[in-house]
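Asks: Below is a structure I'd like to ask you about.
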Amino acid sequence: AHSSFGEKMAVSRGLIRVAASCGPRSTVTAYRDGWPGRDPKVAAQSQSLSTTGTARRAGGIRDYFKSGLTRVSKSQSRVLSRPEGHLYEIQVHQVKPECMEDYIKEAGDSLVRVSENPEVPIELMGSWVTEIGTVIDQATHVWKYTGYDKITDTTECLSKDKVWKEYSKSRAKMLQLRTNQLILPFEFWNICDDPKMMEPRGIYELRSYTLRPGTLIEWGQAWEKGIKYRQDESVGGWFSQMGLMHQVHHLWAYKSLQHRSDTRQSNWEMPGWDECVVATVPLIRHMETRIMVPTYFSPLQ
């Protein structure tokens, strides 16, 4: 069995170890007590194993590392995600409104063909169209790789695929913007290896959070405890590795908008859920949520 996130933090001798000379106000608990409206009981439960602390108030995470008060033994990504695990790519396509129908048809033919081709080491996990969000006429695709080398292999395979190249040219005429990110799954977040085995839900919600630099460890600590309250609707939880940084994505599945509303309300009736919210809200710089429906060809339905 894999060690819990908290155990890994301890085993690594404190990813960030604060020297005794820092004084009693050097811990995360002491710092986070200062947040307006912070419940001291909740703050007392926080671990002192993060890249935040008193030094952040004195000049940010860069000064904190330069201060000589810390010792880093592992990168955040090595602590938060399994080094031998899968990695994912999230692609977002902003489609010209008049082209959406043609885009879905061509994407369905081409993405499924690539995903099912055994010579291309990539797997399509899900494809959705945004119904409610900051931007609509938008398609989101999530792909899975079994290693970094598979990204290079996939690029080389597709560069030789004449059908894919023709699709790419056609797609370019239908899009206004394309973005992508390489994202890693949180170790404690159970992500289904075979999306076709999941029960169809109907709608999906992708919640994206941009965090304050240096707070990803705290986010992971809070959600390792908080995810148990949201397992029934959980699809995946990731943090960015390449592309827009300091970002976290949580993907949830519901039967309907009413089911989403009822589920989220019932969470607040569970003792302990509020602690996860209180611990993570101060870490957020920006957040965005979008309600999406799966395309006809999406493995996740």
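The values are calculated or read from the model by the stated rules, or taken from the named source; none is laboratory data. Quick caveat, the model's predicted, so the values are computed rather than measured. Every residue, glycine among them, receives a Cβ derived from its backbone with ideal geometry; neighbour counts consider all protein chains shown. Remember, those area values only see protein heavy atoms, side chains included, never the ligands or the DNA or RNA. Shrake-Rupley method; radii C 1.70, N 1.55, O 1.52, S 1.80 Å.
Asks: Could you list, in sequence order, the residues of the range 187-199 that are assigned to a helix (DSSP H, G or I) and touching a strand residue (DSSP E or B) at 6+ places or on another chain (Cβ under 7 Å)? Write out each step before concluding.
Replies: As a first pass, look at the range 187-199 and keep what is assigned to a helix (DSSP H, G or I): 195-197.
If the condition is that a residue be assigned to a helix (DSSP H, G or I) and touching a strand residue (DSSP E or B) at 6+ places or on another chain (Cβ under 7 Å), then Pro195 is the only one that fits.
Asks: Looking at the range 128-158 only, could you name the residues that are open to solvent by less than 40 Å² (accessible area, probe 1.4 Å) and either assigned to a helix (DSSP H, G or I) or hydroxyl-bearing (Ser, Thr, Tyr) (or both)? Steps first, please.
Replies: At the first step, the residues of the range 128-158 found to be open to solvent by less than 40 Å² (accessible area, probe 1.4 Å) are 128-130, 133, 138-145, 147, 154, 158.
The answer is Thr130, Thr140, Tyr145, Thr154, Leu158.
Asks: Here is a further query. Taking Lys165, is it open to solvent by 40 Å² or more (accessible area, probe 1.4 Å) and either part of a loop (DSSP other than H, G, I, E, B) or under 24 Å from Leu206 (Cβ atoms) (or both)?
Replies: On the way: open to solvent by 40 Å² or more (accessible area, probe 1.4 Å): yes; either part of a loop (DSSP other than H, G, I, E, B) or under 24 Å from Leu206 (Cβ atoms) (or both): no.
No; evaluated as a whole, the condition is false for this residue.
Asks: Next up: Given the conditions (1) at pLDDT below 95; (2) open to solvent by less than 60 Å² (accessible area, probe 1.4 Å); (3) basic (Lys, Arg), and given that Arg171 satisfies all but one, which numbered condition is not satisfied?
Replies: (1)
Asks: Follow-up. Among the residues of the range 94-103, write down those that are surrounded by fewer than 18 Cβ atoms within 10 Å (Cβ to Cβ) and either touching an Asp or Glu at 6+ places or on another chain (Cβ under 6 Å) or not in a strand (DSSP E or B) (or both). Before the answer, list the steps.
Replies: First, pick out the residues of the range 94-103 that are surrounded by fewer than 18 Cβ atoms within 10 Å (Cβ to Cβ): 94, 96-102.
The answer is Lys96, Pro97, Glu98, Cys99, Met100, Glu101, Asp102.
Asks: Considering only the range 246-261, how many residues are open to solvent by 70 Å² or more (accessible area, probe 1.4 Å) and touching a Phe, Trp or Tyr at 6+ places or on another chain (Cβ under 9 Å)? Don't jump to the end; show me each part of the working.
Replies: Looking only at the range 246-261, we keep the residues that are open to solvent by 70 Å² or more (accessible area, probe 1.4 Å), and these are 246, 255, 257-258.
Now narrow it down to the ones that are touching a Phe, Trp or Tyr at 6+ places or on another chain (Cβ under 9 Å): 246.
Of the residues in the range 246-261, 1 are open to solvent by 70 Å² or more (accessible area, probe 1.4 Å) and touching a Phe, Trp or Tyr at 6+ places or on another chain (Cβ under 9 Å).
Asks: Continuing with this model, one more query. Return a yes/no flag: does the range 193-203 have any residue that is touching a Pro at 6+ places or on another chain (Cβ under 7 Å), touching a residue at least 12 places away in the same chain (Cβ under 8 Å), surrounded by fewer than 19 Cβ atoms within 10 Å (Cβ to Cβ) and within 25 Å of Gly237 (Cα to Cα).
Replies: Applying the first criterion (touching a Pro at 6+ places or on another chain (Cβ under 7 Å)) to the range 193-203 yields 195-196.
Imposing the further condition that a residue be touching a residue at least 12 places away in the same chain (Cβ under 8 Å) reduces the set to 195-196.
Narrowing further to those that are surrounded by fewer than 19 Cβ atoms within 10 Å (Cβ to Cβ): 196.
Imposing the further condition that a residue be within 25 Å of Gly237 (Cα to Cα) reduces the set to 196.
Within the range 193-203, one or more residues are touching a Pro at 6+ places or on another chain (Cβ under 7 Å), touching a residue at least 12 places away in the same chain (Cβ under 8 Å), surrounded by fewer than 19 Cβ atoms within 10 Å (Cβ to Cβ) and within 25 Å of Gly237 (Cα to Cα).
Asks: Does Asp149 count as among the charged types (D, E, K, R) and out of contact with any helix residue (DSSP H, G or I) (no Cβ under 9 Å at 6 or more places or on another chain)? Talk me through it step by step, then tell me what you get.
Replies: Details: among the charged types (D, E, K, R): yes; out of contact with any helix residue (DSSP H, G or I) (no Cβ under 9 Å at 6 or more places or on another chain): yes.
Yes, satisfied.
Asks: List the residue pairs whose Cβ atoms are under 7 Å apart, where the first residue sits in the range 268-286 and is open to solvent by 70 Å² or more (accessible area, probe 1.4 Å), the second is in a loop (DSSP other than H, G, I, E, B) and at pLDDT 95 or above, and the two are 6 or more positions apart or on different chains.
Replies: Arg285/Arg212
Asks: Consider the range 204-224. How many of its residues are open to solvent by 20 Å² or more (accessible area, probe 1.4 Å) and out of contact with any helix residue (DSSP H, G or I) (no Cβ under 9 Å at 6 or more places or on another chain)?
Replies: Total satisfying the criteria: 2.
Asks: Could I ask something else about it? Have a look at Leu184, Leu177 and point out the one that is open to solvent by 40 Å² or more (accessible area, probe 1.4 Å), among the aliphatic types (A, V, I, L, M) and not in a helix (DSSP H, G or I).
Replies: Details: Leu184 fails: open to solvent by 40 Å² or more (accessible area, probe 1.4 Å).
Going through Leu184, Leu177 in turn, just one is open to solvent by 40 Å² or more (accessible area, probe 1.4 Å), among the aliphatic types (A, V, I, L, M) and not in a helix (DSSP H, G or I): Leu177.
Asks: To continue, here is another question. Might you check whether a residue that is over 25 Å from Arg207 (Cβ atoms), open to solvent by 60 Å² or more (accessible area, probe 1.4 Å) and part of a helix (DSSP H, G or I) occurs anywhere in the range 114-127?
Replies: no
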